[in-house]
1. For segment A:116-180 and segment B:93-150, what is the separation of their C-alpha centers, rounded to whole Å?
2. Given Cβ point charges of +1 (Lys, Arg) and -1 (Asp, Glu) and nothing else, what value in debye, to the nearest 20, does the dipole of the protein assembly as shown about its Cα centre take?
3. Taking the Cα centre of the protein assembly as shown as the origin and placing charges on Cβ (Lys, Arg +1; Asp, Glu -1), which of A:SER83, B:ASN228, B:ALA239 is farthest toward the positive end of the dipole?
4. Using only the C-alpha atoms of segment A:60-290, find the volume of their convex hull and express it per residue in Å³.
5. From the phi angles alone, apply the Karplus equation (6.51, -1.76, 1.60; θ = phi - 60°) to segment A:47-54 and give each ³J(HN,Hα) in whole Hz, x where the residue is Gly or Pro.
6. Which value, in debye to the nearest 20, gives the size of the charge dipole of segment A:1-138 about its Cα centre, when Lys and Arg are +1 and Asp and Glu are -1 at the Cβ?
7. Given Cβ point charges of +1 (Lys, Arg) and -1 (Asp, Glu) and nothing else, what value in debye, to the nearest 20, does the dipole of chain A about its Cα centre take?
8. Between exposed GluC sites (Glu not before Pro) in chain B, where DSSP calls loop and at most 14 other Cβ atoms lie within 10 Å, what's the longest gap?
Amino acid sequence: MAAVAADADAPGPRPWLLMSPALTAVVLLLAVPLCFILVYSFWLRTAAGGEQVGFFLDNWAEVLSDEFYRDILFQTLRIAGLSTVVCILLGYIPAYFIARSTTRHKAALILLLMLPFWISYIIRTMSWINILGVSGALNVFLLWTGIISEPLQILYNEATVILGLVHFLLPFMILNIYVSIDGIDTNLADAARSLGATGWQTFREVTLPLSMPGLAAGSLLCFVLGAGTYITPMILGGPRNAMFANLVFEAIITQLNWPLGSALSLVLLVVLGAVVVVYTRYAGIGQLAKSFK
Amino acid sequence: MNIFSSWSLIRAFTVLVYLFMFLPVAVVILLAFNANQFGSFPMEGVSFRWFIELWHNDAIVRAFKTSMLLGALTAVISATLGVLASLALVRYDFRAKSLITTALIAPILVPEVVLAVALLLFLRWLEMPKSFPLLLLGHVIFTLPFVVLIVQARLVAVRREFEEAALSLGANAFHTFREVTLPLIMPAVFAGIIFAFTISFDDVTGTLFWKPGGVETVPTQIFAMLRNSISPEINALGAVMVVITVAVPLLGVAIARRMAAALR
């Protein structure tokens, strides 16, 4: 932000010209459409399938008072929260390992970490059907060993939805924690050790607190991405494991109830937006951009 | 306190986590070569029949062409808009700069489902039907922030003096950009193009909302096929997709490295 260009005194219209295509795109394709969600949410769906223009609070009354929507919202936050916690538990140690390994290993480990970002989300999600399905690897193996005589029904529940989300979100978590640990001056840990701290104490008192920004950024990303998904519950969840975005998809695509879908989208936007706002109050948005450098 | 053994534990844990990330995908690729007609374990030998069936499946070939075209157009448009905006953000000082930076990053802060609904509603208000251009615009808007972040990071590191030298030698702004700035940020531009392409090629969340009836991309085609049951054909299609989305960036990294090396 502080980079003052040579012609800062009189930049003229040039920066605006350069920026106008991207800015037009963001305004026309994001800002204006978001306003439309708000407007639509006050309209009413007619019996004929059209919309009645006006200012009706019916959708909002339904969304805010119906326990069904509240339950699904809590279920969504619970699934996203648990996935984030599992990502932290699984991700911290590998991130530490990458940051503290030798240069040659580090490059290979990071490249491997980037691979999942390039492997299609839908394929990574459906791959679990091959492992946990009725005729999946696990069941075939257990049947073969004779431990079980009937295939286990382990798919299509909340646990497999969380499993799928963790599998999708883990690289984001590892990458963010890694960036943070890698930025810590190793002299600090050495200093702690030379002052008599044990390895564990050094980690707890020096490394862990200093890696918190990365941990927070990773958690934010995992939580927001996890809470906004509808594909994972559709592929790996059962009928009772719907998340909030599934309700939006159902309202807009299946029922064509645009006003209700708008109100539901806004609820999701406000809830997740609040999480982002709380985060930026404490950490600043800059941390998120670090993993791109 | 044996440091060596705790480091071994850390390493072992890391290996397990990496296995967790890659094993399921490896199983997809393995099963794609399964001769067994149900596409499940146990494997009954290696065969290419599912890849051949993919090739003869019109719907899949069509989805594939759609995805390629969509990904390529998204990448080109996104990169162009992103590079221009990054130039403005890094090279000039103007009012409301931090607000505009946030606005350009905003599409990744808004949940993709909400973005999808918003764009769809706007289109409905304009009384335009769902179409391929809508799909393209949608993909451009959510890949744009990635290009901006990547190119901006690189541009900050390009010293202003190089451009000033060109300008003082009589080059105009456009010449300076083409001959000095662009070659210097090319690795980042390239990375942005690759990033935009793979994100677009992989996307299913927004695409399911925006795609017109009858148009399928590879991921939505897989999604539709999953509705029935998991077939060896899906695994084969998955294997092809993995190869494309991994090979393209790897090739990109290699080319970008070569470019960066040539600049030194």
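Each value in this text was obtained by applying a stated rule to the coordinates, not by laboratory testing. Treat the numbers as computed from the prediction; the structure is a model and nothing was measured. So basically every Cβ, Gly included, is an ideal-geometry build from the backbone, and we count neighbours across all protein chains shown.
1. Using only Cα atoms, the two centres lie 32 Å from each other.
2. So the dipole magnitude of the protein assembly as shown works out to roughly 1180 debye.
3. Farthest along the dipole direction, towards plus: B:ALA239.
4. Expressed per residue, the convex hull around the Cα atoms of segment A:60-290 is 172 Å³.
5. Taking θ as phi minus 60°, the curve returns 4, 6, x, x, 10, 9, 6, x Hz for segment A:47-54.
6. 860
7. 780
8. B:128-264
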